[in-house]
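The structure appears right after this line, and notes come after that.
The values are calculated or read from the model by the stated rules, or taken from the named source; none is laboratory data. Source: prediction; values computed, not measured. With ideal geometry, Cβ positions are generated from the backbone for all residues, glycine too; neighbour counts draw on all protein chains shown. All accessible areas refer to the heavy atoms of the entire protein, side chains included, with ligands and DNA or RNA removed. Shrake-Rupley method; radii C 1.70, N 1.55, O 1.52, S 1.80 Å.
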Amino acid sequence: MGKVYLTGAGPGDIELLTLKAFRLVKDADVIIYDRLANPDILKEAKDGCKFIYVGKKDSHHTLPQEEINELIYQNALQYEIVVRLKGGDPLVFGRGGEEAIYLRERNIDFEFIPGITSAIAVPEYAGIPVTHRGVTVSFRVVTGHESRDKKSSQIPWENYKTDDTIIFLMGLHRLKYISSKLIEIGKPKDYPVAVISRGTTNQEKTIIGTLENIYQKAKDLPTPALIVVGKVVNLREQLNWFE
Ligand code: SAH
């Protein structure tokens, strides 16, 4: 029986992979990877390493989660070093916890290998610090992709009246809804928003706008993309360094 390494691949730029993840990729007998993990990482694997793609495109799942869990388990029965490679950090909207529970219930050993999450690194490449002295004292990372079958929103919108930085992942297709919700709870229409597409890669593109106009400006950006709402967005004027 093998061991499963639930491994963060970082946000895109291959050099943002941790040394630990890099070592495991080199040693892996099998790598089960997502759409968001930079595929160039696979070039570092040893000869004979088996690659399995279980990519998900936005809400459209190539494989249901239950099947992914089972696939990881089956590979752990056959191979010694199983790397489950995920974009960003495996536990930030990465379902790494669910996969680990599934393995533990079947007596398979696992480790979590943290990765650099897009939630912080992507704004950083765009010149937007998630906190900044005198501007904001905290930040939140929120899913923009709530299940639609629920009648009422699970997001506690009323709590978002403060000037905390809010980073929405998986939210591009709900940008209009998110901005109108924030206006509804009382944020000014000209409150700053950034949408960053394909962050930390050479295709990175950032669009700056306000709660009122960001939807028109950014709706056609390619995914993956994340949304940053907050006064820290204004710092990009001084801090843009990558694009
Ligand atoms: N575990 C991942 C997040 C998974 S949710 C992490 O820690 O980064 C997937 C969402 O992450 C995407 O819908 C998008 O909002 C965001 N994302 C991931 N990589 C990104 C990138 N390179 N640029 C912009 N957004 C990204």
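General observations
- Within the range 131-180, if we keep just the residues that are of a type in the set (D, E, K, R) and within 22 Å of the chain's Cα centre (by Cα), the residue that is modelled with the lowest pLDDT turns out to be Arg148.
- One residue stands out in the range 1-21 among those that are in contact with a helix residue (DSSP H, G or I) (Cβ under 7 Å, 6 or more places away or on another chain) and assigned to a helix (DSSP H, G or I): the one that is farthest from the ligand (Cβ to nearest atom), namely Ile14.
- For the range 23-41, the set of residues classified as under 19 Å from the mean Cα position of the chain (by Cα), surrounded by fewer than 20 Cβ atoms within 10 Å (Cβ to Cβ) and not in a loop (DSSP other than H, G, I, E, B) consists of Pro39, Asp40, listed by residue number.
- Subset of the range 76-99 [within 15 Å of the ligand (Cβ to nearest atom) and assigned to a loop (DSSP other than H, G, I, E, B)]: Gly87, Asp89, Pro90, Leu91, Val92, Phe93, Gly94, Arg95
- Neighbours by Cβ (under 8 Å, 6+ apart or cross-chain): first from the range 115-141, over 23 Å from Lys86 (Cα atoms) and outside the structural domain of Thr165 (by TED's automatic domain parsing); second open to solvent by 20 Å² or more (accessible area, probe 1.4 Å) and part of a helix (DSSP H, G or I): none
- Members of the range 64-75 found to be in contact with a strand residue (DSSP E or B) (Cβ under 8 Å, 6 or more places away or on another chain) and within 16 Å of the ligand (Cβ to nearest atom), listed by number: Ile68
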